[in-house]
Amino acid sequence: MAITLKSLRLLSQNLSVLYVEDDNILRDQTQKVFQNLFKHVDTAENGRDGLSQYKQYYKSTGKYYDILISDIQMPFLDGIELTRLIFTINAEQKVVIISAHDDKKYLIDLIEIGVDGFMEKPISSEKILPVLYKICDSCEGSDTVIIEGNFSYKFSTSTLFKNNIKVELTENESKLLSLLICNTNQYFDYIDIFNHLYFDEVEKEFSHDSIKSLIKRLRKKLPEKLISNTQNIGYKITL
């Protein structure tokens, strides 16, 4: 499977990140990228502040960041020592290190410590995608989204749950739900839905009534009003 920003975001959109970087310009630029990928992004400008922020986040939320992303060369506390200290707090922490070319002499130490991935400066989408995809895919609950109340949806298996119990869906109900959830806030009309369901069945004839009936059946298995529609525009899900 080709890794794209869209496929990465399916895994990353519910995760929290602490990003530690002492270069103000690079930190601001990269923070904007991360904010488009992750649910929550905090930043720190050096290792000492990063450690403080890490502890404060746990104190405030009762949980650790899903991913720590840190530079190596920083004042007060470098990325290696920051990682060591955080592993004493949370041995299961996922850590990605951002390194300059001349930082490679530190990589063996970081691998031995247990760092999960590396990205080399300057950061680009080609470098970000494979590293973050692998890390996000290994995070617990990364591909599960809370739809509403006691309903949740697991992207990797296209499975709907109610109270953690699987809700049985027909093949087309599952395809339609995946289309809407993977494209939240985007409208799809009857033709769009038909083409998504039967793109490989060229002989299949379009039926307005069958698509309308499918939507009606799926709605009965979901929270009320989760699927909304606007006349002459289409149907959408807003999370």
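Only the coordinates and a few stated rules stand behind these numbers; no lab work does. Predicted, not measured: the structure shown is a model, and the values here were computed from it.
Here, the chain is characterised by an Rg to Rh ratio of 1.07, where Rg is the alpha-carbon radius of gyration and Rh the Kirkwood radius. Less than 5 angstrom separates the built amide H of THR159 from those of LYS154, all sequence-distant by 5 or more or on a different chain.
Our Cα-only numbers for the stretch 5-138 put the radius of gyration and Dmax at 13.5, 37 Å. Comparing SER12, SER70, SER138 in a Gaussian network model of the chain, where Cα atoms under 10 Å apart are tied by springs, the biggest mean-square fluctuation is seen for SER138. Largest first and in whole Å, the equivalent-ellipsoid semi-axes of the stretch 144-237 read 22, 15, 12, each the square root of five times a Cα gyration tensor eigenvalue.
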